Structure formats: structure tokens, C-alpha cells
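Participant: Dropping a structure here in C-alpha cells format, bear with me for questions.
The values are calculated or read from the model by the stated rules, or taken from the named source; none is laboratory data. This is a predicted model, so every value here is computed, not measured. Note that we place each Cβ from the backbone using ideal geometry, even for glycine, and neighbour counts take in every protein chain shown. Surface areas here come from the heavy atoms of the whole protein model, side chains and all, with no ligands, DNA or RNA. Shrake-Rupley method; radii C 1.70, N 1.55, O 1.52, S 1.80 Å.
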Amino acid sequence: MATAPTTTRDLGSADCVLDREGLDALVQALRARGRTVVGPTARDGAIVLAELESAAELPYGWGVELEGGHYRVVRREDEAAFAHSAGPQSWKNFLLPERVRQWTADRGPDGEMTVRAERHDPASYAFLGVRPCDLRAIAIQDQVLLGGRHRDDAYGARRTGAFLIAVECVEPGATCFCVSMGTGPAAGPGYDIALTEVLDDAGHRFLARAGTPEGAEVLAGLPQRPADAVTRTAAHEAVEAAAGRMGRTMPSVDLRALLADTLDAERWNDVAARCLTCGNCTMACPTCFCTTTEDVTDLTGDHAERWSRWDSCYDLDFSHLHGGPVRSSGRSRYRQWLTHKLGTWHDQFGSSGCVGCGRCIVWCPVAIDITEEAHALHQEALSKGGPS
Amino acid sequence: MTAVPLPYRVVDTRPETADTVTIRLEPVHETLPSFAPGQFAMVYAFGVGEIPVSVAGILPDGGLLHTIRGVGAVSGALYALRPGATVGMRGPFGTSWDLPLAAGDDLLVVAGGIGLAPLRPLVLAALAAPQAHGRLNVLVGARSPEDLLYRDELDGWARPYRGVAVDRPSAGWKGRVGVVTTLLDEAPFTPAETTAFVCGPEVMIRATARELLHRGVRPDRVLVSLERNMRCATAHCGHCQLGPLLLCRDGPVVGYDRAEPLLAVREL
Ligand code: SF4
Ligand code: SF4
């Protein structure tokens, strides 16, 4: 059963090796179980997440070239399926869709109001190719939306039904920094099945292990062979090597303390002069969860609906209070985003809000780089004799 | 209770000022869990939207009072409601005025404008249990005498002290003129053994808290009620952040020891 990460455990040494046919069989097995399989596929010049009918739609032979404000898919010399890092979307596009109807209300002739909760029977998803950073991002959104006093039941219904197939990273992007955030490149807890792609003289294959009983059951039904020492070593070494090839790093300090101590930093003016407050970073970020509500009525005026939709702390209306925004300057809005991600998220939800996926760097039109901003704040704090 | 609104019927409306009304609501079918003074409900005006409103009265039959100033789209729609109309209600949400914390202390209730509304049920709770605490002081500030809420109730709240100060007096005004803190000199309380409950505009909260700290009230005994934009009230929408706080969950009532450094940062 694919439930919250806490119920997942590594089911020990029962690893096995799948080849490309095995991966095909995995997709078919999940579809046969009634699941909507979603995974990466090359489309319109990007590697997007979309429903897959077969493993043949995976982006075999495609990689990505990433930099601040820059994304390009590139042909690889090999046929690797998962040699790309974070794309424009994340799994939140499926688990926390951009617009969701929450309830509808009708007003009768006597003025009486009847409210009907929206029924939640979402697709039963299987996500294929969840990067370790994104696996952590899902756990972070779980904590926000399910871990508090009030549960978001619509999210809960989508999430509880989702089967997660993690793929460990052996090809980090130039904007990745999961090592700094402690989220990758090896898969942490929360997956049903974890795969590590190995491509060498001995062939193209996937070292697979189950993290849940359902994962083990699915794996057992696939054409496979027992894991061999060569594949295990190759997989392990590839992930180790990836850890040493991170494109970016965060300053190795207590980021929560750094952000709490630099609310008055000069650097916020510097970044505010560049930031367009477009909100792209919040849309691309796999942990950003903020939403707003919309109340609409039909033409009769007697049928009303409540929708929630993604919102961004960069939007002026976001902090509207008594006739105006609390955070009117760009400086205060960028600061809100960064201090929330790296600092106050700890206070609110018990962890960092950043998993080091690099999406905000790639999809920022002016290449603002969260790691560079954190380093600059750290330098400024040092120069002022603050905590290091 | 918290995700989908329950229908409540407006059974009475009472004008307070030129733009403010107190509405009495009763559940149409199901009743929300009971509210504590300081907590708030999300009140939905059909088809228009939903706003957080603190409870101004908690009635024994499950009914609730809300005092609403009709200044925005939703509050304007709620202000205009007549008896018989139905609203949607979610709640209770947020932290409450911690009256047990104040056991044995002198109580200092300081209100600015419509900030008196969330304090009203606290005052009533304190009046109902006079043995539990020391002296009850109620200090009320308003723009003008015409802007005072609960005018016929205020006189009953002097146990022993009830003061009113207005910024702009009208003809015949015999009370104080000035900001609400000018009343502090008259109020009998022992700062080191006082719990204060403060609600009003943010500038008023800061000025009052500063003055109370100056007089020796402990910062964690100055409880203030804070406000930010709010959409969901269930800690899922991110709107009500004030630094580390989510005010729908960690507030609205917060100790000034936590609030002071946050309110000191511009545009936090
Ligand atoms: S803040 Fe940037 S790097 Fe961190 S999780 Fe969000 S998008 Fe990824
Ligand atoms: S940091 Fe970049 S992506 Fe984010 S709001 Fe500013 S300009 Fe847009």
C-alpha cells in the first residue's frame, strides 16, 4: 500500500535486476492494477511528466542542460531513461492540482443554503521516476497538508492512492544541490519501489528494491533476475559519484538561523533589484503549497462554488489586509519566499522547505539562484560579525 | 466542521455604529464545536466569499454573535444581512485568550475600535468568575463616541474599572480624549501580577504593549490578537504567515514575547 512515508520500510536485501523489458512489464503491471502511470517523457522540447501507456515513452537517450534561467534537452550518447534532472513540473501538479473545486452550495427559494462537499475519488496514480529530492518534496507536502490538526482530504485521497517508484540520481544537473539539503542522490524513505539505472558493458538494467509490501508484490510479478554483485556495485558507485558532482551547494551553516538573523540584510535590496516578482519559482517549486480561494456563482446567483487554486507569495494580493498589501515591496516578497523555504518552514512544519531540486533556478527568467542568495546572505552576516 | 461550511441562520441584527452591526447566528441543523473567547470562525456570504471573524459572543444554545464592520466585499455582504438569511460557518479556529493563565492576576483588557469584539466574550467570562482573578480593568479606545461598540453593556464592566477614551470627542462628551493608553494611569493593577489582553489596530497593539512592558507587565503576560490575510484557516494556504507563525493556527492570540520581534520587522 502506498501511504505516508512513515509507514514505508526498506524490505531488506530483496533487490533484483530488471532490464528494459522488465521496466515495460512494470508499467503494464501497474496499468493492469488500474493505476494511471505518470512519468517523464520528451515533449515540446522539455522532459515533462505525463501519463505513460508504456515504458517506451520514457525519454530514452535524452538528457538536459540546465543553468540559471536556462533549460535545454540534449541528445545523449547512450540510451539512459533517467539521465535527466528536474523538469518544469513536479508531482505536485498531480497531487495538488492547480485548481480544485472544494464544495458547491445552493440557495433555495426560502433562502436556505445547502452545501455539498466535493467527492474525492481521484485517479489511482503510479509515479514512475520520482527523483530522491522530489520524494522528499512529497513527504514535505504530506506534512503540510496531512500532518497538522486539519487534513486536506482531497490531497489525502490523491496521495494515499499513489504508488511511488523512485529512481536514484546518477546524473545530477548543474543546478542540483540535493546533497546540501540531505535529500539525495540516494532515495530516502517513502517509495514503494526504488530503481537505480545502470548502463555499462554488461548492459542496460535497473537495480530494483521494494519499500512497501505492495512494492514487493508488484516487483515479484515482473520478469527479473536476482541482483548480482557487479550490478549492485555499479549502482552504488554511480550514486556515490553523483553525490560528488553536485552542480550547486548551500553554505554549510544552519540555514534556519542564517535566515532568522538576516531579515535586515542589504542583500535583499540587491536581489529585489533583479527579481521580477513573477512567481515562476513558486509555481515550479515542488514544495510550494500556497493556495487561494475563489468563490463563483452561476447566472441565477443561486448556485455557488468554492475553488482553491495555486497562489504565490510574490503576488501583491497575497498579503492583502485592510485595503492594502502587508508586503508591498519586492524586497519583502522575495525575502518572504526565501526565509520561508530555508528558515521559517522549520518552525511551521519541522523541516526545511527546500529539497535542492534547482527548479527555481532554472525557471527564473532572470536566473536568480537560491544558493547564490544564501551564500551572499552568509557572507554579509560574516562581514557584520554575525553567526557563521 | 472545518473544511465545508455549516449553514447558520441570522436570527437578529443589532446596529452598533454607522458601519458596524452585531449579528446573532443559530445553527440551521448541525452545530459547530464550541468556541472559546478569542477564537474565530470563517463566515461565508453566499456566492461572495468568506472572511475570518472572531466570536463576539458565545451563547449557551450554540448560537454565536459576530460583530462585523461592512468595509469590504464580504464584510459588506454580511453587514447587509437581515434576519432569516443564511450564512456558512466553519470553525472554531485559532488560539484563545488564555484566561486560566491569568488565574489570580489582575486583568487588563485593552481594546481599540472593533478590537473590542473579540474581547467581549473574555470580559463576560471574567465577570462570570470573579473569584478566579484579581481586579478586572476594561480600557476601551475609539475614534469617536459614535464609534463605540456595546454601549449599553460597557457600564456593567467596571469591576472595578472601565474607562473609555476617544480620539475625536463630539459635543457633550465627558470622557477621556486621546489614545487608549492614557487610561492606564487610572486603572488599578499591579503590573508584575497582571495579564493583559490587547486587541485593535496593529499600531495600537504595539503602542499599548510597549507601555505595558514599560510599566513592568511581563511580555508573555501581554496577550495580543494579530491579523493577516486568511483564506483557509486550516494552515494549508500559507496566507496568514507572520514569520514563523501561521496565525490561523499559532494565533490569532499570541504572547507579546513572540509577537514583538516579528512586528518590529517592516513588511514581514
Ligand atoms: S526552493 Fe528551489 S531548489 Fe528548493 S525545492 Fe523549491 S524549487 Fe527546488
Ligand atoms: S526569483 Fe525569479 S522566478 Fe522567482 S519571482 Fe523573482 S524573478 Fe520570478
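Participant: Report Rg (one decimal) and Dmax (nearest whole number) for chain B, counting Cα atoms only, units Å.
Facilitator: Gyration radius and largest Cα-Cα distance of chain B: 17.8, 50 Å.
Participant: What shape does the stretch B:6-93 take by its C-alpha gyration tensor, where a ≥ b ≥ c are the square roots of the eigenvalues and a/c under 1.5 counts as rounded, a/b above b/c as prolate, and the rest as oblate?
Facilitator: Taking the square roots of the gyration eigenvalues as a ≥ b ≥ c, the stretch B:6-93 is rounded.
Participant: Separate question: Test of the criteria: in the stretch A:112-195, which GluC sites (Glu not before Pro) are in a DSSP loop and have at most 15 other Cβ atoms within 10 angstrom of their Cβ?
Facilitator: Sparse-neighbourhood loop GluC sites (Glu not before Pro): A:E112.
Participant: At the nearest 100 Å², what buried accessible area, both sides summed, do you get for A and B when the probe is 1.4 Å?
Facilitator: 3500 Å²
Participant: Count charges around B:Q131 for me, please; just the other residues with Cβ under 15 Å from its Cβ, Lys/Arg as +1, Asp/Glu as -1.
Facilitator: 0
Participant: Still on this structure, please answer the following. Which stretch or stretches of the stretch B:103-142 have amide N atoms under 18 Å from the point lying 7 Å from B:S170's Cα along the Cα→Cβ direction?
Facilitator: Answer for the stretch B:103-142: B:113-114, B:141-142.
Participant: If you don't mind, there's one more thing I want to ask. Please give the length that would be gained between A:A220 and A:R274 if that part of the chain were fully extended, namely 0.36 nm times their separation in residues minus their C-alpha to C-alpha distance (nm, one decimal).
Facilitator: 14.2 nm
Participant: A further question follows. Report the label-to-label distance for A:A56 and A:S383 in nanometres (one decimal), using points 7 Å from each Cα along the Cα→Cβ vector.
Facilitator: Label-label distance for A:A56 and A:S383, simple model: 5.9 nm.
Participant: Would you mind computing Rg(Cα) / (2.2 N^0.38 Å) for chain A, counting N as its residues?
Facilitator: 1.05
Participant: Next question. Loop only by DSSP, 15 or fewer other Cβ within 10 Å of the Cβ. Give me the trypsin sites (Lys or Arg not before Pro) in the stretch B:106-170 that pass, ordered by residue number. Intermediate results must be reported in sequence, preceding the final value.
Facilitator: On the way: sites: B:R135, B:R143, B:R151, B:R162; in loops: B:R135, B:R143.
Sites meeting the loop and neighbour criteria: B:R143.
Participant: Also, I was wondering about something else. Which residues does the label zone of B:A192 cover in the stretch B:92-106, counting backbone N under 17 Å from a point 7 Å along Cα→Cβ?
Facilitator: Output list for this probe position: B:104-106.
Participant: Something else: List the residues of the stretch A:98-127 whose backbone N lies under 11 Å from a point placed 7 Å from the Cα of B:E30 along the Cα-to-Cβ direction.
Facilitator: A:115-117
Participant: Roughly how many whole Å is it from the C-alpha centroid of the stretch B:175-208 to that of the stretch A:246-285?
Facilitator: So the separation of the two Cα centres works out to 39 Å.
Participant: Using a Förster distance of 45 angstrom, determine the FRET efficiency expected from the C-beta separation of A:R149 and B:D185, and round it to 0.05.
Facilitator: Rounded to the nearest 0.05, the efficiency is 0.60.
Participant: Given the protein chains as shown and a 1.4 Å probe, how many square angstrom of A:W62 are accessible, to the nearest 10?
Facilitator: Here the residue's solvent-accessible area equals roughly 70 Å².
Participant: Moving on. Kindly provide the GluC sites (Glu not before Pro) of the stretch B:1-85 that DSSP labels as loop, not H, G, I, E or B, and whose Cβ sees at most 16 other Cβ atoms within 10 Å.
Facilitator: Working: sites: B:E16, B:E30, B:E50; in loops: B:E30.
Those satisfying the criteria are B:E30.
Participant: In the neighborhood of A:A265, defined by Cβ-to-Cβ distances under 12 Å, what is the net charge if each Lys or Arg adds +1 and each Asp or Glu adds -1?
Facilitator: -2
Participant: Using a 1.4 angstrom probe on the protein heavy atoms only, could you order A:E294, B:E186 from most to least accessible area?
Facilitator: B:E186, A:E294
Participant: How long are the semi-axes of the equivalent ellipsoid of the stretch A:186-338, taking √(5λ) for every eigenvalue λ of the Cα gyration tensor, in whole Å from largest down?
Facilitator: That gives 45, 28, 12 Å for the three semi-axes.
Participant: Taking R0 as 25 Å, what FRET efficiency do you get between A:E266 and B:D257 from their Cβ-Cβ distance, rounded to the nearest 0.05?
Facilitator: Working: r = 29 Å, r/R0 = 1.14.
Efficiency, from the Cβ-Cβ distance: 0.30.
Participant: Hey, another quick one. Roughly how much of B:F197 is accessible, in Å² to the nearest 10, using a 1.4 Å probe?
Facilitator: So the heavy atoms of B:F197 present about 0 Å² to solvent.
Participant: Another question about this same structure. On a full-extension model of 0.36 nm per residue, what is the gain between B:A129 and B:A73, subtracting their alpha-carbon distance, rounded to one decimal in nm? Intermediate values should be presented prior to the final figure.
Facilitator: Values: separation 56, 0.36 × 56 = 20.16 nm, distance 3.90 nm.
Difference between extended and current length: 16.3 nm.
Participant: Moving on to the next point. Nearest 5 is fine: what % of DSSP beta bridges in the protein assembly as shown come out antiparallel, could you say?
Facilitator: Just about 70 percent of them are antiparallel.
Participant: State the Cα centre-to-centre distance between the stretch B:155-174 and the stretch B:48-62 in whole Å.
Facilitator: Rounded to whole Å, the Cα centres lie 27 Å apart.
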